[in-house]
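Where a number appears in this text, it was derived from the coordinates with a stated rule and is not lab data. This one's a predicted model, so the numbers in the text were calculated from it and none came from an experiment. Backbone-built Cβ (ideal geometry, glycine too); neighbour counts: all protein chains shown.
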């Protein structure tokens, strides 16, 4: 199961933490977001102990979505040491997310 982050958890677990994090910005009412959920869950399982894979509900954490100019969902942002290094907008294949994680330094 993928970690759901609140605004405060996002700050402490993504922005203030060393390492790689992949964050899926999504909403309950978004069909492509729901279609992406199994892929994100699989990535979370595959990357356990290696990179944080988490989700941020844009309806519950509007401040975080706004801070990163997330205007369409799903948007997946890859962070390294708290800084954005990659962004994938729309529904993509699992390989695209794995490649983004690898480029950021996740094994």
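Taking every C-alpha pair closer than 8 Å and separated by at least 6 residues, the mean separation divided by the residue count of the chain gives a relative contact order of 36 percent.
Percent antiparallel among DSSP beta bridges with both residues in the chain, to the nearest 5?
Counting only bridges with both partners in the chain, antiparallel ones make up about 60 percent.
Is the shape of the stretch 32-84 rounded, prolate or oblate, going by the alpha carbon gyration tensor and its root eigenvalues a ≥ b ≥ c, with a/c under 1.5 for rounded and a/b larger than b/c for prolate? Oblate shape, in that a/c is at least 1.5 and b/c is the bigger or equal ratio. When its C-alpha radius of gyration is set against 2.2 N^0.38 Å (N residues), the chain gives a value of 0.94.
A Förster radius of 30 Å, combined with the Cβ-Cβ distance separating residue 18 from residue 59, puts the computed FRET efficiency at roughly 0.55. When the Cα centres of the stretch 25-51 and the stretch 69-104 are compared, how far apart do they sit, in Å? The stretch 25-51 and the stretch 69-104 have Cα centres separated by 11 Å. When the chain is treated as a Gaussian network with alpha carbon springs shorter than 10 Å, the biggest mean-square fluctuation among 64, 76, 20 belongs to 64. Helical content of the chain, expressed as a calculated mean residue ellipticity at 222 nm, amounts to -10000 deg cm²/dmol (DSSP H runs of 4 or more residues, -39,500 (n - 2.57) each, divided by residue number, nearest 500).
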